[in-house]
Amino acid sequence: MAVELRICEDPAQACGELLVEVAAGGGHLVLAGGSTPRAAYEAAAARGGDWSRVTVWFGDERCVDPGDERSNFKMVRESLLEQLPGEQPSVHRILGERGPSAAATAYEEELRAAGPPELDLVLLGLGPDGHTASLFPGQPSLLERERLVFGVEEAGLEPFVPRVTLTLPLLGGARRIVFLVSGQSKAGAVSAAFGPDAKPDPNVPASMLPPFASEVTVLLDQAAASGVPGP
């Protein structure tokens with residue numbers, strides 16, 4: 001399928017606007033961790049809107065307590081959930097403090113009990129190594145086709161703590177996938193994952209997602225897009 005690369009002056013602001021727009025329709029959203037998504041959540045919270053009919057899931061989590069500074073849930077709670085006016089969305093956090101295996105099993109059960117749900121939007125980041133969520137280069141998680149959630153014993157980048165991640169089939173089955181990417185350090189990964197010569201490659205996990213997907217949009221700044229001709 002075609003991947004749309006959209007260069008924005010402020011990709012986080014554009015993403016925040018998109019989140020508010022999708023939230024207004026309700027449905028199931030998968031949120032990401034990371035510094036660029038944090039700015040998007042802050043932008044979304046500043047715009048307000050009605051999030052009461054939204055169900056929030058997480059694309060991945062570090063196996064730490066929910067109050068730990070490395071926790072994706074903590075970041076989303078502080079930057080978005082606690083800042084929203086009115087009724088809160090329904091939130092399903094990954095219980096990372098249980099460890100990768102137990103937390104993955106519990107989240108799998110939660111997702112399956114919900115349908116599993118049809119995901120309206122999945123928000124993802126992109127690492128300099130091409131990883132997305134906690135799907136790291138060359139790891140067994142990339143081969144998983146039956147499970148919805150996978151316990152990652154060894155992270156490929158700092159912080160080197162075990163993780164829990166949604167798998168490619170679940171992420172790729174969303175109605176819409178949005179990657180949020182900024183900075184020169186990501187330019188090589190953008191080119192490898194989404195450039196004109198990109199093809200599914202387990203050494204670039206993000207490149208393996210488009211074949212599963214119906215719609216992929218990459219919101220990025222000029223620096224991150226510098227390795228791709230004419231997006």
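Here are some conditions: (1) in contact (Cβ under 8 Å) with a residue 40 or more places away in the chain; (2) crowded, with 19+ Cβ neighbours inside 10 Å. VAL54 meets all but one. Which one does it not meet?
Going through the list (1) in contact (Cβ under 8 Å) with a residue 40 or more places away in the chain; (2) crowded, with 19+ Cβ neighbours inside 10 Å, VAL54 breaks only (1).
Can you tell me which residues in segment 139-166 are at pLDDT 95 or above and in a loop (DSSP other than H, G, I, E, B)? Show your work before the answer.
As a first pass, look at segment 139-166 and keep what is at pLDDT 95 or above: 139-153, 161-166.
Listed by number, the residues that qualify are GLN139, GLU144, ARG145, GLU146, ARG147, LEU148, GLU153, VAL161, PRO162.
Any idea how many residues of segment 81-114 are open to solvent by 60 Å² or more (accessible area, probe 1.4 Å), under 26 Å from GLU144 (Cα atoms) and either of a type in the set (Gly, Ala, Ser) or in contact with a Lys or Arg (Cβ under 9 Å, 6 or more places away or on another chain) (or both)? Lay out the reasoning, then the answer.
The first filter runs over segment 81-114 and keeps only residues open to solvent by 60 Å² or more (accessible area, probe 1.4 Å), leaving 82-83, 85-88, 97-98, 101, 109-110, 112-113.
Next, from what is left, pick out any that are under 26 Å from GLU144 (Cα atoms): 97-98, 101, 109-110, 112-113.
Going one step further and asking which of them are either of a type in the set (Gly, Ala, Ser) or in contact with a Lys or Arg (Cβ under 9 Å, 6 or more places away or on another chain) (or both), we end up with 101, 113.
Going through segment 81-114 one residue at a time, the tally reaches 2.
Could you tell me whether any residue of segment 8-26 is closer than 14 Å to VAL164 by Cα, without any contact (Cβ under 8 Å) to a residue 60 or more places away in the chain and open to solvent by 20 Å² or more (accessible area, probe 1.4 Å)? Walk me through it before giving the result.
Here is the first cut: in segment 8-26, the residues closer than 14 Å to VAL164 by Cα are none.
No, there is no match, as no residue in segment 8-26 is closer than 14 Å to VAL164 by Cα, without any contact (Cβ under 8 Å) to a residue 60 or more places away in the chain and open to solvent by 20 Å² or more (accessible area, probe 1.4 Å).
Could you look through segment 167-215, keep only residues that are in a loop (DSSP other than H, G, I, E, B) and basic (Lys, Arg), and pick out the one that is farthest from the chain's Cα centre (by Cα)?
At the first step, the residues of segment 167-215 found to be in a loop (DSSP other than H, G, I, E, B) are 167, 173-176, 182-183, 195-200, 202-203, 209, 213-215.
Now narrow it down to the ones that are basic (Lys, Arg): 175-176, 199.
Values: ARG175: 14, ARG176: 12, LYS199: 20 Å.
Here the answer is LYS199.
On the basis of being surrounded by fewer than 15 Cβ atoms within 10 Å (Cβ to Cβ) and in contact with a strand residue (DSSP E or B) (Cβ under 8 Å, 6 or more places away or on another chain), does SER134 make the cut? Spell out the reasoning first.
Details: surrounded by fewer than 15 Cβ atoms within 10 Å (Cβ to Cβ): no; in contact with a strand residue (DSSP E or B) (Cβ under 8 Å, 6 or more places away or on another chain): yes.
Spelling it out, it is not the case that SER134 is surrounded by fewer than 15 Cβ atoms within 10 Å (Cβ to Cβ) and in contact with a strand residue (DSSP E or B) (Cβ under 8 Å, 6 or more places away or on another chain).
Any chance you could count how many residues in segment 179-225 are open to solvent by 30 Å² or more (accessible area, probe 1.4 Å), at pLDDT below 95 and small (Gly, Ala, Ser)?
2
Within segment 120-131, how many residues turn out to be over 19 Å from PRO211 (Cβ atoms), open to solvent by 10 Å² or more (accessible area, probe 1.4 Å) and in a loop (DSSP other than H, G, I, E, B)?
Counting residues in segment 120-131 that are over 19 Å from PRO211 (Cβ atoms), open to solvent by 10 Å² or more (accessible area, probe 1.4 Å) and in a loop (DSSP other than H, G, I, E, B) gives 3.
Going by what's in this entry, would PRO117 be described as within 28 Å of PRO11 (Cβ to Cβ) and either open to solvent by 20 Å² or more (accessible area, probe 1.4 Å) or in a helix (DSSP H, G or I) (or both)?
Details: within 28 Å of PRO11 (Cβ to Cβ): yes; either open to solvent by 20 Å² or more (accessible area, probe 1.4 Å) or in a helix (DSSP H, G or I) (or both): no.
Answer is no for this residue.
Assuming ALA223 fulfils every condition listed in (1) farther than 30 Å from THR55 by Cα; (2) out of contact with any helix residue (DSSP H, G or I) (no Cβ under 8 Å at 6 or more places or on another chain) apart from one, which condition is it?
It fails just one condition, (2).
Consider segment 141-172. How many of its residues are within 20 Å of ALA189 (Cα to Cα) and either without any contact (Cβ under 8 Å) to a residue 12 or more places away in the chain or loosely packed, with under 14 Cβ neighbours inside 10 Å (or both)?
Qualifying residue count for the region: 3.
Looking at ALA43, ALA32 in this structure, which one is crowded, with 24+ Cβ neighbours inside 10 Å and modelled with pLDDT of 95 or more? Lay out the reasoning, then the answer.
Working: ALA43 fails: crowded, with 24+ Cβ neighbours inside 10 Å.
ALA32 is the lone residue from the list that is crowded, with 24+ Cβ neighbours inside 10 Å and modelled with pLDDT of 95 or more.
The values are calculated or read from the model by the stated rules, or taken from the named source; none is laboratory data. Because the structure is predicted, anything quoted here is derived from the model rather than measured. Positions of Cβ are backbone-derived with ideal geometry, glycine not excepted, and every protein chain shown enters the neighbour counts. Please note that ligands, DNA and RNA were not included when accessible areas were found on the heavy atoms of the full protein model with its side chains. Shrake-Rupley method; radii C 1.70, N 1.55, O 1.52, S 1.80 Å.
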